[in-house]
Amino acid sequence: MAWFFQYLRELVNHLRMRLDNHPSNRRLSSNKKILMKRNLAYAMIVMLIAVASCSFTNKSFENNDDKDKLLLELITYVLEKGHYDPKDIDDDFSVSVFEDFIDVIDPTKRYFIEEDIMEFEQYKFQIDDQIKNTEISFFNIVYDRLMQRMGEAKGIYKEVLETPFDYSQEETINIKYSEEAFAASKQDLKERWRKQLKYATLGTYDSKMTLDRSIASNGSSGAKDMVEVNVQKNLPTEKNMDVPVLTSAEAEKSSRQSTKKTLDEFFDFVDDMQRKDWFVQYINTIVDEFDPHTFYFAPDEKEKFDTSMSGKYQGIGARLQKKPTGAKIVDIISGGPVWRDQRLEVGDEIVKVGQKGEDPIDIVGMRLDDAIKMIKGEEGTVVLLTVRKIDGSLDVVELTRDTVELEESFAKSANIIKEDKKYGLIHLPKFYVNFEDYGERNAASDVAKEVERLKEEGAEGLILDLRDNGGGSLKTVVEMAGLFIKDGPVVQVRSSGEGKEVYDDKDERIQWDGPLVILVNELSASASEILAAAMQDYKRAIVIGSKQTFGKGTVQNVIPLDNIVRSNEHGDLGAIKLTTQKFYRINGGSTQLEGVKSDVVVPDRYSYIDLGERDQSNPLKWDKISPADYVPWEGNINYEETIANSKKRMAEHPQIKLIEENAQWIKSESDETTISLKYDTYRDEVDKDKEKSNYFKKIAEYDSKLNFKSLKYEQSLFTQDSVLREKRDRWHKNLAKDVYVEEAINVLQDLQMNNIKKDHSKLASVKG
């Protein structure tokens with residue numbers, strides 16, 4: 001088979017040479033060549049993988065695990081032949097899969113006991129051999145034992161919850177479960193369940209006691225106030241108005257009943273899960289060992305992926321990530337229920353989900369898919385979310401589900417007026433593109449239109465806001481960079497085992513030749529990092545933001561597995577998202593792990609939170625290649641001096657000092673994983689956290705005194721679209737509180753342009 005792969009590689013290289021040298025193709029634009037080269041590289045992957053169809057269709061299996069074994073063989077083959085940096089499937093790999101799979105299915109260590117783990121360990125160094133031989137006995141024994149232990153757990157939690165919890169007792173729990181050993185015996189396991197259930201119930205107990213104190217002090221109006229400030233919504237809102245004062249014993253009993261109902265419903269979900277659902281988790285444990293962005297989509301997950309690409313769904317408008325302690329909010333969609341409500345933010349963790357009129361269900365330890373099913377729902381229905389805030393406090397947020405449209409994923413701009421001068425800001429949430437029709441709408445052409453509109457309205461400087469931008473189309477990055485430079489390389493890309501490709505802007509026209517600032521943060525990733533890095537290397541823009549960006553310097557392709565198998569009797573096999581390439585900036589350094597380091601580093605509340613690629617599992621390493629041939633921008637006279645002045649201002653700014661203090665406090669709170677189960681101690685800590693949290697609320701009260709206005713074309717739309725007006729008003733209000741935007745304006749004011757070096761004859765004009 002090796003000769004065949006070598007033949008394919010030589011064939012593709014030959015085709016690339018023909019593409020570059022054929023007379024008919026010399027007139028192709030640089031971007032068209034880039035796309036054709038990428039298609040050839042992708043075609044090679046598909047061709048390499050497709051060869052396996054002979055093996056896949058001819059191998060026979062003799063038991064009911066046929067589909068699982070076929071899937072395992074397919075995926076490991078794709079990984080070994082198509083991944084950018086394939087790992088050796090050896091004993092070390094086996095150990096990692098062993099440890100990670102156990103952690104995935106029992107993150108809180110409340111099912112397996114030591115004797116189970118000891119039995120499983122016979123496979124610790126055999127999983128690699130099983131993968132190669134398409135054997136799944138390790139999965140089978142773990143799955144069978146998990147089903148057994150989960151069945152036993154149903155009896156354990158019911159027994160534990162029959163006995164009242166003593167909240168006057170001095171005891172603690174460590175909620176960093178990864179530091180805990182597995183229970184030594186079933187009796188120890190029962191004790192672990194007791195502590196975890198006591199902790200789960202404590203928050204509900206505190207809510208009931210807090211509401212009771214308010215009622216006792218203020219009467220029924222107190223209950224109403226508590227509802228309005230969202231302290232207690234575990235009960236239906238209409239009932240909160242007339243809730244009788246409960247004794248401590250009554251509140252404790254009611255809290256246990258609520259916890260029991262939560263677990264009853266959780267195990268109902270578990271009972272609905274099929275063996276194939278657990279096998280997908282096993283497959284993705286194997287896949288995740290290669291890198292955090294390679295992922296297997298089961299058929300239903302692939303359908304969800306395709307649906308998400310349509311840009312419309314019903315829910316709360318937030319993207320979630322599974323954590324051992326809940327479902328973490330990693331992104332908030334503009335215009336959605338979460339965005340409109342304003343009480344939730346990135347970093348908050350959802351720990352319970354309730355439906356209107358029902359007790360909430362604990363989702364800690366639950367599959368993310370199952371949690372999302374509970375959170376999503378029909379437009380107009382209500383969901384109650386118990387949330388652990390980023391500062392450690394607990395809150396209950398009521399949201400009305402809605403149809404979430406991703407129109408706010410498009411570029412938008414605003415005028416900024418300071419004194420007698422006007423500046424422009426363009427916010428770009430992602431580098432979007434319509435892959436079926438690139439010319440219909442894409443990030444590069446939209447930004448070009450916004451730049452032109454801002455120029456027409458008199459902008460003297462430009463801010464490009466890439467904060468929270470997770471990336472997108474590479475082609476749009478190259479074209480967008482070309483709006484700000486005369487010509488030259490933008491990014492370097494390397495495929496596995498091949499030389500680098502340099503993606504150039506060959507259009508000498510410049511859309512914007514004035515002062516430029518790029519804003520980034522820890523969530524600026526992938527394509528955002530490419531653009532920021534290029535502008536930084538050219539010294540075309542000053543980058544302001546976090547110490548570094550996310551650090552995702554890899555490219556993925558989605559490959560349907562059905563396309564590989566010549567004949568398939570097992571139905572839809574899903575798809576795999578595969579890392580196939582790596583980005584490098586034009587100075588030769590990779591953006592992987594290190595991201596882009598800001599010219600002016602300013603703290604934000606995420607400064608010490610684990611958000612970047614370096615905090616993901618099994619990230620690819622940082623490396624460097626030879627730099628591209630480029631000439632730095634000579635349009636700025638005082639580039640270094642401006643950076644130095646900005647750093648000095650930020651170091652002395654009281655708002656920045658307050659933000660830094662808040663970030664450090666949030667870090668200290670997240671590091672505190674030992675929780676008291678004595679109510680008085682717990683309550684004292686809650687009060688202290690609430691007081692500290694209230695202290696930092698003044699961050700949101702900051703006023704930069706800058707004036708923000710929509711562009712003329714957008715103002716004309718407000719008469720017909722009141723929602724758009726509301727969105728822009730909200731955006732402008734938040735921008736006025738944004739100290740980073742304020743500093744960006746200061747930098748634009750400081751930058752002195754070298755008009756001698758400007759070539760106004762090359763200034764582009766795009767009509768929108």
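Rule-based calculations on the coordinates, nothing more; no lab input. Treat the numbers as computed from the prediction; the structure is a model and nothing was measured. All Cβ positions, even for glycine, are placed from backbone atoms using ideal geometry, and neighbour counts span all protein chains on display.
Descriptive notes on the structure:
- Using 0.36 nm per residue and subtracting the Cα-Cα separation, the extra length available between GLU457 and GLU152 on full extension is 102.8 nm.
- Hits among lysines - C-alpha to C-alpha of LYS186 under 27 Å, sequence gap 8 or more where chains match: LYS109, LYS124, LYS154, LYS158, LYS176, LYS195, LYS198, LYS253, LYS260, LYS261, LYS323, LYS678
- Of LYS253, LYS712, the sequence from fewest to most neighbouring Cβ atoms within 10 angstrom is LYS712, LYS253.
- Shown for LEU425, LEU620, LEU246, LEU202: other C-beta atoms within 10 Å of each C-beta, ranked fewest to most, produce the order LEU246, LEU620, LEU202, LEU425.
- Gained length - ASP703 relative to LYS737, 0.36 nm times residue gap less alpha-carbon distance: 11.7 nm
- Three-way shape call for the range 325-432 based on the alpha-carbon gyration tensor, with the a/c threshold at 1.5: prolate
- Footprinting exposure proxy for THR108, THR591, THR579, THR403 (fewest neighbouring C-beta atoms within 10 Å first): THR403, THR108, THR579, THR591
- Put simply, the amide H of VAL396, placed in the peptide plane, has neighbours under 5 Å in VAL387, leaving out anything fewer than 5 places away on its chain.
- Ordering 497-505, 426-434, 461-469, 538-546 by mean Cβ neighbour count within 10 Å, with the highest value first, yields 461-469, 538-546, 426-434, 497-505.
- A Förster radius of 45 Å combined with the Cβ-Cβ distance from LYS356 to LYS688 puts the calculated FRET efficiency at roughly 0.85.
- Anchor LYS712: lysines whose Cα lies under 26 Å away (excluding residues fewer than 8 positions away in-chain): LYS412, LYS418, LYS421, LYS422, LYS430, LYS449, LYS455, LYS727, LYS733, LYS737, LYS767
- Partners for LYS657 among aspartates and glutamates (Cα-Cα distance below 18 Å; same-chain residues under 8 apart left out): ASP391, ASP604, GLU701, ASP703, ASP738, GLU742, GLU743
- Which of VAL346, GLY377, THR403, positive extreme of dipole for the range 298-406 (C-beta unit charges): VAL346
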